[in-house]
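What follows is a short report on a single structure.
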């Protein structure tokens, strides 16, 4: 790195805004991708971000934006030549408009902080995921995060009304739209949502809020065949009249691991059932919603869609049920592991998983798997105990898991992006023409290739 660039950055940001030889330890770096950047910059405003990018563009120095460190695909890995740009000091909630139901935030704001601020105004931000306490909204936007409530509210893309973005050359592109409908030309924000920091640095956002839903009903159910899960999903959506907010499918191999632990208490069921589902609805009339939810479960039981159900009777019990779904730490029992986040049509899931299990065992001798997912949006999380920490071993597992997705119209990435982890397999989900169009967009926005270079493609 040029000494003059370092001096310019120090003069711009001051002692608190720059750290040499930072010790970054991303919580999601399960593959131990290298984090070798020797300079971490922490601007406090969009204007400072723009000046940082202007200096780096002139010096042709790569910049990698770092959020909460919870990504799983190596999208923020760095080389010694890279500058790491953290927006952790840009963590202000600038405005909550209760009439328009919008929130204006800086990109370094933690998701849970946003959720709590919305709740204090009797409003609700629809994105929710297990890393809510560390993930930043900028990182959520960069990966178009999904989470637990996509079935009702959609991905992050559906929660963003406006963005402010700094381009590679320092240009500030401010499109802080507050309206639901705005068809005045291209909706540029969608270029940056899900782009993993390769096209621009998101610095501020206008979020869409919803009215708070005080009535919440949660149940953990068991069933004996996968074929009944999509029928149960359809039944609950119909019976609840669009109030279904979460439908998390859990395979027995994940439940056996995730239902254990001293912090979890007594599991809702013995681990004897083939499949489980965590079902939740939200509404505004507690008595009515509870009755509808209970009736829907009773109908599902009478129609043999489920064999048993446990209904949460308090917020404590609700949290205990969700703790099973979110008990990711249990996967350490399978270490070393490969973590996958894919999507495919629900009708293809059973055959896909059966074929995967067969191929892993026959070709690699692997039998340790754990599967769960957001069934309503076709998203599966598959964890494979690979047996040994070997790059070639990981590659063999990845091929067996990703290649069949091409045949069934699936995607190698449902909600965590591509980064370095999935870059070699992008061809299984995108055509050559699509990838070429992505490259041309990258060239147009970042001709010197300084924004998160080497990621995605």
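Taking 0.36 nm per intervening residue step and subtracting the Cα-Cα distance, what contour gain separates residue 98 from residue 174 on full extension? Could you put the intermediate results ahead of the total?
On the way: separation 76, 0.36 × 76 = 27.36 nm, distance 2.25 nm.
This chain segment gains 25.1 nm when fully extended.
Take the Cβ-Cβ distance between residue 58 and residue 457 as r, set R0 to 41 Å, and report the resulting FRET efficiency rounded to the nearest 0.05.
Efficiency for this residue pair is about 0.95.
Taking the Cβ-Cβ separation of residue 3 and residue 89 as r and a Förster radius of 22 Å, what is the calculated FRET efficiency to the nearest 0.05?
Numbers: r = 25 Å, r/R0 = 1.13.
That pair, residue 3 with residue 89, gives E of 0.35.
Can you tell me the order of 161-172, 438-449 when each peptide is scored by its average per-residue count of other Cβ atoms within 10 angstrom, highest first? Before the final figure, lay out each step's value.
On the way: 161-172: 20.7, 438-449: 14.6.
Order by mean packing, descending: 161-172, 438-449.
Compute the length gained on full extension between residue 122 and residue 333: take 0.36 nm times their separation in residues and subtract their Cα-Cα distance, giving the result in nm to one decimal. Working shown, then result.
On the way: separation 211, 0.36 × 211 = 75.96 nm, distance 4.07 nm.
Difference between extended and current length: 71.9 nm.
Report the paramagnetic label zone for residue 355: residues of the range 393-423 whose backbone N is under 12 Å from a point 7 Å from Cα along the Cα-to-Cβ axis.
Taking a point 7 Å out along Cα→Cβ of residue 355, the residues of the range 393-423 whose backbone N falls under 12 Å are 400-410.
Under a plain spin-label model, where a point goes 7 Å from the Cα along Cα-to-Cβ, how far apart in nm are residue 287 and residue 12?
With each label placed 7 Å out from Cα toward Cβ, I get 6.2 nm.
Can you sort 358, 381, 178 by how many other beta carbons sit within 10 Å, fewest first?
Details: 358 11, 381 21, 178 15.
In order of increasing Cβ crowding within 10 Å: 358, 178, 381.
At 0.36 nm per residue, and after removing the present C-alpha to C-alpha distance, how many nm does the segment from residue 227 to residue 443 gain when stretched out fully?
Values: separation 216, 0.36 × 216 = 77.76 nm, distance 4.59 nm.
Length difference between fully extended and current span is 73.2 nm.
Can you give the angle from 0 to 90° between the axis of helix 228-239 and the longest principal axis of the chain, with both taken from C-alpha atoms, to the nearest 10?
Computed tilt is about 90 degrees.
At a Förster distance of 41 Å, what's the computed FRET efficiency of residue 112 paired with residue 188, Cβ-Cβ distance as r, to 0.05? Working shown, then result.
On the way: r = 28 Å, r/R0 = 0.69.
My answer for the efficiency is 0.90.
For n ≥ 4 DSSP H runs only, could you compute -39500 (n - 2.57) per run for the chain, divide by its residues and tell me the 222 nm figure to the nearest 500?
Numbers: 13 runs with 147 residues, N = 457.
Value at 222 nm, helices only: -10000 deg cm²/dmol.
Output the peptides 282-289, 20-27, 392-399 sorted from most to least packed, where packing is the average of other Cβ atoms within 10 Å over each peptide's residues.
Details: 282-289: 14.5, 20-27: 12.8, 392-399: 16.1.
By packing density, highest mean first, the sequence is 392-399, 282-289, 20-27.
Using only the alpha-carbon atoms, how far is helix 46-59 inclined from the longest principal axis of the chain? Give it as 0 to 90 degrees, nearest 10.
60
Looking only at the range 84-118, which residues have a backbone nitrogen under 17 Å from a spot 7 Å from the Cα of residue 315 in the C-beta direction?
Of the residues in the range 84-118, 112-118 have backbone N under 17 Å from the label point off residue 315.
At 7 Å along the Cα-to-beta-carbon direction for both residue 348 and residue 234, put a label point, then send me their distance in nm to one decimal.
1.9
Treating the angle as unsigned and between 0 and 90°, give the value, to the nearest 10°, between the Cα long axis of helix 3-13 and the longest Cα principal axis of the chain.
Between the helix axis and the principal axis of the chain, the angle is about 70 degrees.
Expressed as a whole number of Å, what is the distance separating the alpha-carbon centroids of the range 83-148 and the range 15-50?
After rounding, the separation between the Cα centres reads 20 Å.
None of the figures in this text is laboratory data; all of them are computed from the coordinates on show. This is a predicted model, so every value here is computed, not measured. As a convention, Cβ positions derive from the backbone with ideal geometry for all residues, glycine included, and neighbour counts pool all protein chains shown.
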